[in-house]
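Every number in this text was worked out from the coordinates using simple rules, so none of it is lab data. What you are looking at is a predicted structure, and each value in this text was computed from that prediction instead of being measured. We place every Cβ from the backbone using ideal geometry, glycine too, and count neighbours over all the protein chains shown.
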Amino acid sequence: MTDPLSLLLHRQAGAHGPVMLMYHSVTPGAARPDWPWAVSTNAFRAQMDFLHRHGWSTPTMAELLAAPHEWPGRSAVITFDDGYTDNLAACELLQARGMRASWFIVTGTLGQAPDWSSQGRPDVRLMDAAALRRMADAGMDIGSHTVSHLRMPALDDATLASETRDSRARLEDVLGRPVTSFAYPYGAWDARCAAAVRAAGYRGACTTRTGWTLRDGDPFALRRLTIYNSDSTASFARKLASGSNDVAWPATARRLMSMARARVGL
Ligand SMILES: [Zn+2]
């Protein structure tokens, strides 16, 4: 259920240009996962139904960057980092609604368990080449999340080049089509990382900075909203409206007050 105040706030959603939503694992069923970066399938379904019901377009990242001005108003790019096998059910759910999304894949461990640690993460493997091919055939955008999921700013130039180039080459080999989308592991990046991503042939890169996606006017510094295990459909609606992860009621009340002040000219 979405409360009336969140719905009221959502009425202004889309006024500031596209948003990007960041997901990781989507666990089966209704139980709230422990890992903050996972959402239950039931929560994900409710969020996608909300987008569908409220007239949101869901271009892929590749589509958005190819023609940024063709996606005004309510446009949300749905993204998934890491490429967990539990995303396949989420992909089917999107397909059933005519929606699309972008996935960022760690290419060094396709079909295996992730080899980087993250406390509390569900015990899932990474999707294999055949699964990625099926998703690309269904119109999903398959992008890179490097070869090894390392923190990029700490890498030397040669490693930075191989992590970005080799993962793109691997994905293009698997998919037989161009790969242009990228997301920085851990959202960690700087100007040198952005230059390496550009030099490797990508058209843009996602960060984990919060805000309207195109706010910085830089395709290699796209902003995303994080969807957590704790998000309800109501807080999801408020994120879409505010372009912020901080949609707890105190912050929301401040935002409402400034809207009201602007309306009466104070
Ligand atoms: Zn990641």
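Mind listing whichever residues of segment 127-149 are within 16 Å of the ligand (Cβ to nearest atom) and small (Gly, Ala, Ser)? Within segment 127-149, Gly143, Ser144, Ser148 qualify.
Taking the condition of being within 16 Å of the ligand (Cβ to nearest atom) and either in contact (Cβ under 8 Å) with a residue 40 or more places away in the chain or surrounded by fewer than 24 Cβ atoms within 10 Å (Cβ to Cβ) (or both), how many residues in segment 177-188 meet it? Show your work before the answer.
First pass over segment 177-188, keeping only residues within 16 Å of the ligand (Cβ to nearest atom): 181-188.
Right, trim to either in contact (Cβ under 8 Å) with a residue 40 or more places away in the chain or surrounded by fewer than 24 Cβ atoms within 10 Å (Cβ to Cβ) (or both) and you get 181-183, 185-188.
Summing the residues that are within 16 Å of the ligand (Cβ to nearest atom) and either in contact (Cβ under 8 Å) with a residue 40 or more places away in the chain or surrounded by fewer than 24 Cβ atoms within 10 Å (Cβ to Cβ) (or both) in segment 177-188 gives 7.
Restricting attention to segment 189-216, the residues being under 16 Å from Leu155 (Cα atoms) and either in contact (Cβ under 8 Å) with a residue 24 or more places away in the chain or within 11 Å of the chain's Cα centre (by Cα) (or both) number 9.
Here is a check on your reading of the model: is Gly143 surrounded by 15 or more Cβ atoms within 10 Å (Cβ to Cβ) and either part of a helix (DSSP H, G or I) or of a type outside the set (A, V, I, L, M) (or both)? Before the answer, list the steps.
Details: surrounded by 15 or more Cβ atoms within 10 Å (Cβ to Cβ): yes; either part of a helix (DSSP H, G or I) or of a type outside the set (A, V, I, L, M) (or both): yes.
Criteria met by Gly143.
Among the listed residues Ala67, Ala101, Ala62, which satisfies the condition of being within 20 Å of Pro219 (Cβ to Cβ) and free of Cβ contacts under 8 Å to residues at least 40 places away in the same chain?
Numbers: Ala101 fails: free of Cβ contacts under 8 Å to residues at least 40 places away in the same chain; Ala62 fails: free of Cβ contacts under 8 Å to residues at least 40 places away in the same chain.
From the options Ala67, Ala101, Ala62, the qualifying one is Ala67.
Per the conditions (1) within 22 Å of Leu132 (Cα to Cα); (2) under 15 Å from the mean Cα position of the chain (by Cα); (3) more than 16 Å from the ligand (Cβ to nearest atom), the sole criterion not satisfied by Ser57 is (1).
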